Amino acid sequence: MRGVFIDANDSLAEIFERQRKPGDPEMRVHLDPDIKPEDWPAILDGAEIGVVDHTALPTEVAKQCKGLKHVVFLGTGARSYMNPEELAELGITVHLIKGYGDTAVAEAAIALMWASARGIAQMDREMRAGNWLRDDGMQLTGKTLGLIGFGGIAAEVARIASGSGMTVIAWNRSPKSHPGVEFVSLDQLLATSHVVSLHLLLNDETRGFLSRERIAQMRKGVIFVNTARAAIVDEVAMIDALRSGQIRHAGLDVFNTEPLPGDHVLTTIPNVTLSAHSAFRTPEASENLIHAAWEHCRRVAKK
């Protein structure tokens, strides 16, 4: 069984090659992170396994990938790039990688929370422009952090936030318990949290989950952090809430269009801190990610 890492960047390619072992399936690395979806068939060249970082695989393109049986998606958010159910009907199984970057993403969420609370990015921008901007920040010790969705990343966020003196509450779609975290109704979480951090997977049930009505339920002056997926949030409603002050500040790592266009409205709003979908990007997380990808490839090749 042959495979191709179809859109490798330099750093992931280096890790992928370093983790290769004797007896592994034949896996070729295509070193180009900027391929287009329509390039899949030519790059695969009949291979049965496609390892993919971020390139979309439309169903119509997948139909042209003769021989493709397995897609190993480097992350959990494959639905932003392909339709796993439609691919399954073509005989293509999509494999996800969970947990590889829980600590990395959690630390990024915490960083966005603190930067939002103190307006650090805005002060930096203004000082570079020659303006001595000073404003009162939000002290987070003693404040309530509400986590919407509770998996591995949220558990790490809870650990860090609890250690910094915050009260942590959470809501999850299925019942859960976790030391030091109080699980509450979604209505209670939205109404009482000083900071809301989003940790849901994107699927048909969660798309648009944080609607205009739910944003309106949030405590006035809330900080909102999203390191999950942009499509879970009503973007227009979020922007309106930022402009009105309903949301004091947003720390965003994910966007409906990526890369975020330079003229996007979010780049014009001062009370937003932006990061380039990089919450998961640490050397440690990348090592974990590629290790899990190889394990998928080894497993399916033995079947």
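The values are calculated or read from the model by the stated rules, or taken from the named source; none is laboratory data. The shown structure was predicted, so the numbers you read here are calculated from the model rather than taken from an experiment. All Cβ positions, glycine included, derive from the backbone under ideal geometry; neighbour counts span all protein chains shown. Ligands, DNA and RNA are excluded from the accessible area calculation, which covers all protein heavy atoms including side chains. Shrake-Rupley method; radii C 1.70, N 1.55, O 1.52, S 1.80 Å.
Answer yes or no as to whether ALA104 is buried (at least 17 other Cβ atoms within 10 Å of the Cβ), among the small types (Gly, Ala, Ser) and within 22 Å of PRO259 (Cα to Cα). Walk me through how you get there before you give the answer.
On the way: buried (at least 17 other Cβ atoms within 10 Å of the Cβ): yes; among the small types (Gly, Ala, Ser): yes; within 22 Å of PRO259 (Cα to Cα): yes.
It is true that ALA104 is buried (at least 17 other Cβ atoms within 10 Å of the Cβ), among the small types (Gly, Ala, Ser) and within 22 Å of PRO259 (Cα to Cα).
Inside the range 59-86, can you point out the residues that are touching a residue at least 40 places away in the same chain (Cβ under 8 Å) and open to solvent by 30 Å² or more (accessible area, probe 1.4 Å)? Write out each step before concluding.
So the first thing to find is which residues in the range 59-86 are touching a residue at least 40 places away in the same chain (Cβ under 8 Å), and the list is 69-70, 72, 74-77, 79-80.
Listed by number, the residues that qualify are LYS69, THR76, ARG79, SER80.
Any chance the range 282-294 includes a residue that's small (Gly, Ala, Ser), within 19 Å of LEU74 (Cα to Cα) and open to solvent by 60 Å² or more (accessible area, probe 1.4 Å)? Before you say what the answer is, go through the steps one by one.
Of the residues in the range 282-294, the ones small (Gly, Ala, Ser) are 285-286, 292-293.
Filter again for within 19 Å of LEU74 (Cα to Cα), leaving 285-286, 292-293.
The next check asks that each one be open to solvent by 60 Å² or more (accessible area, probe 1.4 Å); those that pass are none.
Within the range 282-294, not a single residue is small (Gly, Ala, Ser), within 19 Å of LEU74 (Cα to Cα) and open to solvent by 60 Å² or more (accessible area, probe 1.4 Å).
Any idea which residue in the range 72-111 is nearest to the chain's Cα centre (by Cα), counting only those that are of a type in the set (S, T, N, Q) and within 20 Å of GLY152 (Cβ to Cβ)?
Looking at the filtered set, the residue picked out is THR76.
Among the residues in the range 5-15, are any of a type in the set (Asp, Glu), part of a loop (DSSP other than H, G, I, E, B) and either open to solvent by 10 Å² or more (accessible area, probe 1.4 Å) or closer than 25 Å to GLU205 by Cα (or both)?
Quick first cut of the range 5-15, residues of a type in the set (Asp, Glu) only: 7, 10, 14.
With the extra rule that they be part of a loop (DSSP other than H, G, I, E, B), the set shrinks to none.
No.
Can you tell me which residues in the range 240-272 are hydrophobic (A, V, I, L, M, F, W, C) and under 17 Å from THR227 (Cα atoms)?
Looking only at the range 240-272, we keep the residues that are hydrophobic (A, V, I, L, M, F, W, C), and these are 241-242, 247, 250, 252, 254-255, 260, 265-266, 269, 272.
Hits for the range 240-272 are ILE247, ALA250, LEU252, VAL254, PHE255, LEU260, LEU266, VAL272.
Could you check the range 67-84 and list, in sequence order, the residues that are modelled with pLDDT of 95 or more and closer than 21 Å to ARG299 by Cα?
Residues satisfying the conditions are GLY67, LEU68, LYS69, HIS70, VAL71, VAL72, PHE73, LEU74, PRO84.
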